[in-house]
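Peer 1: Here it is, the structure in full.
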Amino acid sequence: MVKIILFQGLGGLGLFLLGMKMLSEGLQRVAGKRLRSILAAVSNNRCLAFSVGALVTAIIQSSSATTVMLVGFVNAGLMNLTQAAGVVLGANVGTTITAQLIAFNISDYALPAVALGTGLKFFAKEVRWRSVGDVLLGFGLLFYGMSTMKGGFAPIKHDPDFISFFTMFDAENLKGILLCVLVGTVMTVVIQSSSATVGITIALASQGLIGLSGSVALILGDNIGTTVTAQLATIGTTNRNARRVAWVHTFFNVFGAAFIVLVFPLFLKLVVYVTSTWLGAEAPGVMHEGLYTSMPRYIANAHTLFNVLNSLVFLALLPVLIRMAMRVVPPKDEAPGHFKYLDFRYVEVPEVALQQAREEIHRMGLEVRKTFMSVTSLLEVLDERELGKWRERERAIDLDQKEVLAFLVRASQASITPEQSREISSLMRVTNNLERAGDAVQNIAELVEEVIENNIQLSREALDDYAFIRSKAEEILSLVVDSILEYEGDMLQRAKELEDEIDLLREQMRAGHIDRLRRGVCAVDPGLVFTDLLSNLEKIGDYCYNVAQGLAGVK
């Protein structure tokens with residue numbers, strides 16, 4: 001009998017966890033970029049943030065995935081603490097959809113779903129349909145795993161030793177309630193899936209091994225245990241707000257569970273009243289064909305009621321939770337790292353990874369623009385001390401390029417959609433061309449150094465031409481850098497016009513230079529420096545146009 005319990009019980013749990021993972025990942029791929037669009041809609045309005053959290057978690061069927069994404073977004077500076085805290089509360093409600101699905105007695109459809117999902121996964125030509133196959137396959141494995149777990153637990157309901165063990169989970173007094181909460185917490189921490197803990201609880205309760213009170217108490221512990229995932233996700237984060245998000249999640253569940261423990265009998269009556277009166281479910285002690293068929297619905301409703309009531313209370317008290325989180329993680333002066341946004345722990349979460357990469361590339365673009373403006377403005381001033389700063393900035397740009405490319409390569413090796421693959425390729429192109437623009441700025445800096453060291457005097461006409469074409473190069477560089485985060489529809493056309501204008505100016509100014517040489521207005525050495533300056537400014541225009549094409553998705 002022990003072998004049956006171990007093989008079927010643990011095997012069923014394994015199938016359940018595999019099904020949950022495939023279901024969640026498949027739904028994330030099907031949703032694709034929409035997840036980022038939904039999360040981007042979050043404002044400081046806590047009700048809107050709450051609704052978005054519930055919606056996203058209901059879509060991807062994983063509060064842990066939502067919370068990990070949130071920590072990543074906050075760490076990247078894409079969301080503030082207030083926005084993320086509201087989403088966290090909503091995520092706790094959204095995750096209850098999983099328990100409600102499990103409560104439906106649809107195990108008969110598990111194997112057909114596995115068959116259909118497998119067919120799509122291995123034979124569908126489009127990636128989107130293969131992702132749908134993952135969703136169906138995960139759905140089928142989840143319910144087949146539940147059925148297997150129930151069958152594995154069936155023999156032990158008649159064994160006296162096991163019956164005496166499970167009497168500890170009656171939760172008829174405070175000691176029993178706290179024990180069940182502790183066991184539920186530990187189970188969720190170990191398994192790292194609150195849905196799996198709910199599934200095990202439903203499987204045990206369906207066999208009559210634990211009663212409703214013990215099941216509800218286990219569910220309270222399950223909500224506490226799930227906060228560990230968010231805490232683990234913050235280890236090593238540079239953004240202190242990311243750690244505060246995890247603490248808001250922890251406070252929400254711990255305080256909510258503690259309150260329900262204090263009013264446990266009343267909460268139990270509410271669960272029974274709502275499930276039996278409003279939904280017409282049979283009493284939890286009624287058995288059909290060896291199973292307590294109504295127990296899953298009572299447990300799922302307890303899970304939903306806990307999170308809904310908890311959210312309504314703490315949505316009003318959200319500022320208090322935020323202040324508490326800020327006390328636990330107080331402000332602190334920290335030396336920022338070289339890479340402000342990249343966090344390699346999120347390379348397997350494409351929605352987060354791509355946002356972080358885009359933010360880091362934008363920061364890199366700002367550094368290129370800052371270096372350009374500093375270097376190119378020194379030709380008339382000839383401040384050698386200020387000019388010396390370009391080397392450090394150029395090294396930082398080169399390091400940024402290598403790190404961003406390594407990050408994007410790692411992200412491309414994760415499970416991504418074709419749309420995300422194209423975005424990664426575009427971001428790589430943008431990164432490489434920004435670095436090339438930085439190299440062109442380096443060439444200009446070296447030419448300015450040559451002017452200072454050799455006391456080269458450019459003619460007034462040459463300086464005026466240089467200032468004009470420099471202003472056009474600055475305009476196209478600013479255009480593309482600003483478009484990295486906020487792309488506008490006519491950006492590519494505007495970039496093309498500027499690039500053509502810079503090419504034309506270069507030819508006109510070279511012709512003007514040759515004319516000055518003939519008239520003796522300009523000497524040979526200053527003329528060579530001038531034409532090299534024009535060439536590098538023209539190259540910057542070309543590289544910026546390549547960036548614009550990358551942002552527009554043009555090959």
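Peer 1: Can you say whether Val254 is aliphatic (A, V, I, L, M), modelled with pLDDT of 90 or more and open to solvent by 40 Å² or more (accessible area, probe 1.4 Å), as far as the supplied structure shows?
Peer 2: yes
Peer 1: Let me ask something else about it. Here are Gly550, Gly520, Gly512: which of them is more than 53 Å from the chain's Cα centre (by Cα) and within 29 Å of Gly438 (Cβ to Cβ)?
Peer 2: Values: Gly550 fails: more than 53 Å from the chain's Cα centre (by Cα); Gly520 fails: within 29 Å of Gly438 (Cβ to Cβ).
The conditions single out Gly512.
Peer 1: For the subset of segment 408-441 comprising residues that are in contact with a Phe, Trp or Tyr (Cβ under 9 Å, 6 or more places away or on another chain) and at pLDDT below 90, which member is surrounded by the most Cβ atoms within 10 Å (Cβ to Cβ)?
Peer 2: Filtering segment 408-441 for residues that are in contact with a Phe, Trp or Tyr (Cβ under 9 Å, 6 or more places away or on another chain) and at pLDDT below 90, the one surrounded by the most Cβ atoms within 10 Å (Cβ to Cβ) comes out as Ala411.
Peer 1: Given the criteria outside any loop (DSSP other than H, G, I, E, B), modelled with pLDDT of 90 or more and over 24 Å from the mean Cα position of the chain (by Cα), does Met364 qualify?
Peer 2: The answer is no for Met364.
Peer 1: Also: Take the conditions under 35 Å from the mean Cα position of the chain (by Cα), assigned to a helix (DSSP H, G or I) and at pLDDT below 90 and apply them to Asn307. Does it pass?
Peer 2: So Asn307 fails the test.
Peer 1: Here's a follow-up. Out of all the residues in segment 349-360, which are aliphatic (A, V, I, L, M) and buried (at least 24 other Cβ atoms within 10 Å of the Cβ)?
Peer 2: Listed by number, the residues that qualify are Val352, Ala353, Ala357.
Peer 1: Can I ask one more? Scan segment 108-132 residue by residue and report those that are part of a helix (DSSP H, G or I), modelled with pLDDT of 80 or more and aliphatic (A, V, I, L, M).
Peer 2: Ala110, Leu111, Ala113, Val114, Ala115, Leu116, Leu120, Val132, listed by residue number.
Peer 1: Still on this structure: Within segment 166-182, is there a residue that is outside any helix (DSSP H, G or I), on the phi < 0 side of the Ramachandran plot and at pLDDT below 75?
Peer 2: No: segment 166-182 contains no residue that is outside any helix (DSSP H, G or I), on the phi < 0 side of the Ramachandran plot and at pLDDT below 75.
Peer 1: Report, by residue number, each residue of segment 269-304 that is at pLDDT 90 or above, open to solvent by 10 Å² or more (accessible area, probe 1.4 Å) and touching a Ser or Thr at 6+ places or on another chain (Cβ under 7 Å).
Peer 2: Once the filter is applied, which keeps residues that are at pLDDT 90 or above, open to solvent by 10 Å² or more (accessible area, probe 1.4 Å) and touching a Ser or Thr at 6+ places or on another chain (Cβ under 7 Å), segment 269-304 yields Asn301, Thr304.
Peer 1: Say whether the condition of being under 20 Å from Arg510 (Cβ atoms), open to solvent by less than 70 Å² (accessible area, probe 1.4 Å) and over 30 Å from the mean Cα position of the chain (by Cα) is met by at least one residue in segment 387-407.
Peer 2: No; the residues of segment 387-407 include none that is under 20 Å from Arg510 (Cβ atoms), open to solvent by less than 70 Å² (accessible area, probe 1.4 Å) and over 30 Å from the mean Cα position of the chain (by Cα).
Peer 1: Sticking with this one: Regarding segment 537-552, can at least one residue be identified that is out of contact with any His (no Cβ under 6 Å at 6 or more places or on another chain) and without any contact (Cβ under 8 Å) to a residue 24 or more places away in the chain? Steps first, answer last, please.
Peer 2: Of segment 537-552, the ones out of contact with any His (no Cβ under 6 Å at 6 or more places or on another chain) are 537-552.
Subsequent filtering for residues that are without any contact (Cβ under 8 Å) to a residue 24 or more places away in the chain retains none.
No, segment 537-552 contains no residue that is out of contact with any His (no Cβ under 6 Å at 6 or more places or on another chain) and without any contact (Cβ under 8 Å) to a residue 24 or more places away in the chain.
Peer 1: Can you tell which of Val547, Val524 is on the phi < 0 side of the Ramachandran plot, aliphatic (A, V, I, L, M) and buried (at least 21 other Cβ atoms within 10 Å of the Cβ)?
Peer 2: Result of the check over Val547, Val524: Val547.
Peer 1: Right, here's the next one. Taking the conditions exactly as written (crowded, with 19+ Cβ neighbours inside 10 Å, among the basic types (Lys, Arg) and at pLDDT 90 or above), does Arg470 satisfy them or not?
Peer 2: On the way: crowded, with 19+ Cβ neighbours inside 10 Å: yes; among the basic types (Lys, Arg): yes; at pLDDT 90 or above: yes.
It is true that Arg470 is crowded, with 19+ Cβ neighbours inside 10 Å, among the basic types (Lys, Arg) and at pLDDT 90 or above.
Peer 1: Right, next: Considering only residues of segment 183-199 that are hydroxyl-bearing (Ser, Thr, Tyr) and in a helix (DSSP H, G or I), which is nearest to Met149 (Cα to Cα)?
Peer 2: Of segment 183-199, the ones hydroxyl-bearing (Ser, Thr, Tyr) are 185, 188, 193-195, 197.
Still in the list and also in a helix (DSSP H, G or I): 185, 188, 194-195, 197.
Values: Thr185: 20, Thr188: 17, Ser194: 16, Ser195: 14, Thr197: 12 Å.
Going through the qualifying residues, I end up with Thr197.
Peer 1: Let me ask something else. If I go through segment 183-207 residue by residue, how many of them are at pLDDT 80 or above and under 20 Å from Phe104 (Cα atoms)?
Peer 2: Number of matching residues: 10.
Peer 1: Scan segment 506-526 residue by residue and report those that are under 20 Å from Asn443 (Cβ atoms) and in contact (Cβ under 8 Å) with a residue 40 or more places away in the chain.
Peer 2: Those that are under 20 Å from Asn443 (Cβ atoms) and in contact (Cβ under 8 Å) with a residue 40 or more places away in the chain: Met509, His513, Asp525, Pro526.
Peer 1: Does Phe259 satisfy being open to solvent by less than 30 Å² (accessible area, probe 1.4 Å), farther than 23 Å from Phe16 by Cβ and either at pLDDT 85 or above or part of a helix (DSSP H, G or I) (or both)? Walk me through it before giving the result.
Peer 2: Details: open to solvent by less than 30 Å² (accessible area, probe 1.4 Å): no; farther than 23 Å from Phe16 by Cβ: yes; either at pLDDT 85 or above or part of a helix (DSSP H, G or I) (or both): yes.
Judged against the criteria, Phe259 is not a match.
The values are calculated or read from the model by the stated rules, or taken from the named source; none is laboratory data. Note that the structure is a prediction, hence the values are computed from the model and not measured. A quick note on method: Cβ atoms are made from the backbone with ideal geometry, for glycine too, and the neighbour counts reach across all protein chains shown. Calculation scope for accessible area: heavy atoms of the full protein, side chains included, ligands and nucleic acids excluded. Shrake-Rupley method; radii C 1.70, N 1.55, O 1.52, S 1.80 Å.
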